[in-house]
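Colleague: Quick one: the structure is below, and I'll ask about it shortly.
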Amino acid sequence: MTEANTADEFGSVSLNSRTPRPDLEPLNAEQRVAVESNDSPLRILAGPGAGKTRVLTNRIARRVFEGSADARRVLALTFTRRAAHELRSRLIKMGIRDLGAVGTFHSTALAQIRQHRADHGRRAPTVLAGRRPVLTQLIGDFPKLHLQTAAIEIDWLNSQNLTPDEYRNGPGRSRIGENQANEVAHLQSAFASYKSKRGLLDFDDILVECTNLLKTDKAFRDAQHWVFRHFFVDEFQDLNRVQFDLLTSWIGDRTDLCIVGDPDQAIYGWNGADSSLLYDFCDHFPSATTISLVNNHRSQPQIIRAADAVLERSSRITDEQATLGEPPTTNSFPTEEEEAVGIARYLRDIRLPETRWSSHAVLARTNEQLELIAEVFSRLRLPYRFRSQGGIFKLPEVKDLVDQLCAADSDFSALATDLLDEFDHGPQKRISELALQYAKENFHASGTGFRNWIRTLRPGDLDYQGDGVDLATFHSAKGLEWPSVVIAGLEQGLVPIRSGDLEERRLLYVAVSRAQHKLHLTWAQTRQKGGMAVNREPSPWLALIKASTRHPVAPSGDLTAQYLAEARNHLGPDIHGDVEIRAQRLREWINQTARARRVEPSALLPNHLILAVAEKSPVNLSELADVTGLGETRLSRVGPEILKIIATD
């Protein structure tokens, strides 16, 4: 083997193996610092519109060019195939083609499991399309257990890598009560037995099996450690414990790791995501350093100010900048149906003839809201498309196409290429694109492999590009952006659904920060519930947004105080009195201490935890740990100071 094809055991490659210099994309000052940093492990904290994909792409390209990373040894992990495809496409445009693996945790783990089984003469795994049909079949033995509750709890306990007994005797009791937790544990055991007898893996089993192989099979572990040496992870705040366990098993005792995340966009805690893995990254990797990307290049200043207001923090823009662009507009309607009609009229009024409908999005907290809006849009002949719901697999023509592809084996790649030419648009075009993508990324592509591969996809990976107003929930809008955004249903009981839940606040922050130029906020004065018209009140956070964007060009202190007072009157007790005093003390201490110690403010106490600590007012380290979920290292370091601050009379 020549020197140009060798790499030493630490993953660095000889200068003779450098690729041609890539044309790096334009970078601002803070992006350039992150791209050019040689620190490892490296944590990059990047807010909305800060250019995290650009930074991640250019950092990989820079390292490959300089010879500090071998493109063949890169493992870049994302949470959607859409994000993985975007990352890979950008790198290919830069001239980096011989990449290692760029994909989701699930698709990467499945490929490794398939290879391991093939090497040992075993049949490739069959991936369960979804656990709901099986749970529906099994739940008949548990008449007191509701299917929705069971599905949520099984998702959660799997994400935490808990056995049924660990769940039953531990967190299950506090989540749904002892009796229900016991039923869920029995159902999970029955479900595991069902899969085992049929040789099936479900979505979460893929990660667990790959992790177990890495821990128990030395030859397999050594092979993966030899292949993958440079690790990059996007959306780190969304990792759960199972994914983190798999990641650390892939890495071993090495340190060539770069992660990107945003604590303010941690919105999947209900599904098992553990944002403390991002906060406590330096506890897990003590030699790590942190770089922050704070400038939002996506949104107009007025929209940035509105998004910051949701989190009750100062905007990163000056008063002069804040007058640029259009402030958010608001409207209320007598009923939710009239709200949908009003949104349709608004979109028709602002849309320019030469622009696509897909430049606009309507975001809502629940799918139920979107279904009503879609029904009204259909009546008014306004084109729309649902985003990130995976509904195209329900279409008969798509089912037929998938069956046709899955029946192909040796000629799969040729069939995928032919089908791509056959369809010009629509959902069949999207399936054809995915088939060709799978064929390009898998040397031994087959129909059976494709069926299992598409079962690792997330709903957002299945979106197709027909023109229409995008309809999306707050959750499914994450990672997307539009020139014009409407946020519907800004009412108490919807935004937030659960009062006092900080994740609900971050959800609205994510929704607001999707807008680039225009933001329109609506709510209904009555909404149907159980066949009855129920009176509604505007979301308390709507007042904060209004206050943040109502300033005249030269706001006086009196007017500013008046606007904020109005907002707080709408918000009610959650920021009044002692709670607000404690929260303000914490913010002041964090800002002063971070400057004095030259550390990131989030290293003392993440922003999203400030209000929770102020509300719960813990009196000892144990209670503080329960409220924050912070690790022992950080608690011992800053916990006593936090307790002292909130205990001050």
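The values are calculated or read from the model by the stated rules, or taken from the named source; none is laboratory data. This one's a predicted model, so the numbers in the text were calculated from it and none came from an experiment. Don't worry about glycine lacking a Cβ; one is built from the backbone with ideal geometry, like all the others, and counts go over all protein chains shown. The protein model used for the area step is the full one, side chains on, heavy atoms only, and it has no ligands, DNA or RNA in it. Shrake-Rupley method; radii C 1.70, N 1.55, O 1.52, S 1.80 Å.
Colleague: Between Arg18, Arg43, Arg32, which is at pLDDT 90 or above and surrounded by fewer than 18 Cβ atoms within 10 Å (Cβ to Cβ)?
Modeller: Being at pLDDT 90 or above and surrounded by fewer than 18 Cβ atoms within 10 Å (Cβ to Cβ) holds for just one of Arg18, Arg43, Arg32, which is Arg32.
Colleague: Counting only residues that are in a strand (DSSP E or B) and either hydroxyl-bearing (Ser, Thr, Tyr) or under 16 Å from Glu338 (Cα atoms) (or both), how many does the range 495-528 have?
Modeller: Keep residues of the range 495-528 that are in a strand (DSSP E or B), which gives 515-524, 526-528.
Of the ones still in play, those that are also either hydroxyl-bearing (Ser, Thr, Tyr) or under 16 Å from Glu338 (Cα atoms) (or both) are 520-524, 526-528.
Adding up the residues that qualify gives 8.
Colleague: Could you tell me which numbered condition Val310 fails, if it satisfies all but one of (1) out of contact with any strand residue (DSSP E or B) (no Cβ under 9 Å at 6 or more places or on another chain); (2) open to solvent by 40 Å² or more (accessible area, probe 1.4 Å)?
Modeller: (2)
Colleague: Whether any residue in the range 102-111 is modelled with pLDDT under 95, open to solvent by 20 Å² or more (accessible area, probe 1.4 Å) and under 23 Å from Val227 (Cα atoms) is what I want to check.
Modeller: Yes; the residues of the range 102-111 include at least one that is modelled with pLDDT under 95, open to solvent by 20 Å² or more (accessible area, probe 1.4 Å) and under 23 Å from Val227 (Cα atoms).
Colleague: Another one. If you take the residues in the range 239-260 that are of a type outside the set (Val, Ile, Thr) and either at pLDDT below 95 or part of a loop (DSSP other than H, G, I, E, B) (or both), which one is surrounded by the fewest Cβ atoms within 10 Å (Cβ to Cβ)? Break it down stepwise before answering.
Modeller: Start the filter on the range 239-260 by keeping residues that are of a type outside the set (Val, Ile, Thr), which leaves 239-241, 243-247, 249-250, 252-254, 256-258.
When the remaining residues are screened for being either at pLDDT below 95 or part of a loop (DSSP other than H, G, I, E, B) (or both), the result is 239-241, 252-254, 256.
Working: Leu239: 26, Asn240: 23, Arg241: 16, Gly252: 14, Asp253: 6, Arg254: 17, Asp256: 21.
Across the range 239-260, the extreme among qualifying residues is Asp253.
Colleague: Inside the range 380-402, can you point out the residues that are modelled with pLDDT of 80 or more and not hydrophobic (A, V, I, L, M, F, W, C)?
Modeller: Answer for the range 380-402, where residues must be modelled with pLDDT of 80 or more and not hydrophobic (A, V, I, L, M, F, W, C): Arg381, Pro383, Tyr384, Arg385.
Colleague: Only residues in the range 485-512 that are over 22 Å from Arg305 (Cβ atoms) and of a type in the set (Asp, Glu) count as the first member; pair them with residues that are open to solvent by 10 Å² or more (accessible area, probe 1.4 Å) and in a strand (DSSP E or B), Cβ under 6 angstrom, at least 6 apart or cross-chain, and list the lot.
Modeller: Glu491/Trp523
Colleague: Next up: Among residues belonging to the range 152-196 that are among the aromatic types (Phe, Trp, Tyr) and within 26 Å of the chain's Cα centre (by Cα), point out the one that is least open to solvent (accessible area, probe 1.4 Å).
Modeller: Checked the range 152-196; the qualifying residue least open to solvent (accessible area, probe 1.4 Å) is Tyr167.
Colleague: When you look at Asp119, is it closer than 24 Å to Lys197 by Cβ and open to solvent by 30 Å² or more (accessible area, probe 1.4 Å), yes or no?
Modeller: No.
Every residue, every condition in (1) β-branched (Val, Ile, Thr); (2) farther than 28 Å from Ser275 by Cβ; (3) at pLDDT 90 or above; (4) in contact with a Lys or Arg (Cβ under 9 Å, 6 or more places away or on another chain), yes or no:
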position	(1), (2), (3), (4)
Gln148	no, no, no, no
Asn161	no, no, no, yes
Pro164	no, no, yes, no
Pro171	no, no, no, no
Arg175	no, no, no, no
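Colleague: What are the residues in the range 52-72 that are part of a helix (DSSP H, G or I) and open to solvent by 30 Å² or more (accessible area, probe 1.4 Å), if any?
Modeller: Lys52, Thr53, Arg54, Phe65, Glu66, Arg72
Colleague: Against the condition surrounded by 19 or more Cβ atoms within 10 Å (Cβ to Cβ), over 27 Å from the mean Cα position of the chain (by Cα) and outside any helix (DSSP H, G or I), how does Leu99 come out, does it pass? Walk me through how you get there before you give the answer.
Modeller: Numbers: surrounded by 19 or more Cβ atoms within 10 Å (Cβ to Cβ): yes; over 27 Å from the mean Cα position of the chain (by Cα): no; outside any helix (DSSP H, G or I): yes.
Spelling it out, it is not the case that Leu99 is surrounded by 19 or more Cβ atoms within 10 Å (Cβ to Cβ), over 27 Å from the mean Cα position of the chain (by Cα) and outside any helix (DSSP H, G or I).
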